[in-house]
Amino acid sequence: MEIIEAQSGYTSFTLQVNGQRYALNVEPRRTLLDALRIDCGLTGAKKVCEMGNCGACTVLLDGAAVYSCLVLAVECEQRQLTTIESGATGNTVGALQRVFIEHDALQCGYCTPGQIMSLAALFDRDPSPSEASITEAVAGNLCRCGAYRHILQAAQSLAAAGANAAGSEDD
């Protein structure tokens, strides 16, 4: 990983987010969450606890769900980042956004991006996960509105669709 120290004490590097490159020049202590929101203009990951307790800032780093408030932006150079904004491309994130709407799996919407990103990491690994796997995937995401039942129903509907698609491929 090549990191160039800028004269100002800032670090220059490039982030790859949702298939786009962002050239940054930031303090080395800048979190990925702040880099996404401030420097890249991607505000889908929410800034809530800044301690890794709520999951509202969850993004995918090389396909794994991470709390972006606990990751330094400089650690993400030459790695693939996926945020909630990627849903417009018709990927797993987009499919989850659709079933969340269909199942009313959101209320205030503040936790929704983190819930979807945690589930996207799961569904990218297993297109038809069990209820236990779904529950485990979102265990680190808090919803203060209490939409958990609807979140589970939305994820289960996508899992059923994945299982049906896998079954039809076997025919």
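The values are calculated or read from the model by the stated rules, or taken from the named source; none is laboratory data. These numbers were taken from a predicted model, which means no experiment stands behind them. When we count neighbours, we look across all protein chains shown, and the Cβ atoms used for this are built from the backbone with ideal geometry, even at glycine.
Just one of the listed residues (Ala159, Ala166) is out of contact with any Phe, Trp or Tyr (no Cβ under 6 Å at 6 or more places or on another chain), modelled with pLDDT under 95, part of a helix (DSSP H, G or I) and more than 24 Å from Arg37 (Cα to Cα), and it is Ala166. Residue count for segment 84-93, restricted to those that are among the small types (Gly, Ala, Ser) and either at pLDDT 95 or above or part of a strand (DSSP E or B) (or both): 1.
Val99 passes every criterion in (1) in contact (Cβ under 8 Å) with a residue 40 or more places away in the chain; (2) closer than 15 Å to Gly55 by Cβ; (3) among the β-branched types (Val, Ile, Thr) apart from (2).
Looking across segment 10-20, not a single residue is more than 15 Å from Ala73 (Cα to Cα) and either at pLDDT below 95 or of a type in the set (Val, Ile, Thr) (or both).
Looking only at residues of segment 69-83 that are touching a residue at least 60 places away in the same chain (Cβ under 8 Å) and in a strand (DSSP E or B), we find that the one that is farthest from Asp34 (Cα to Cα) is Gln80.
Out of Val66, Val99, Val48, Val59, one residue alone is β-branched (Val, Ile, Thr) and assigned to a helix (DSSP H, G or I). It is Val99.
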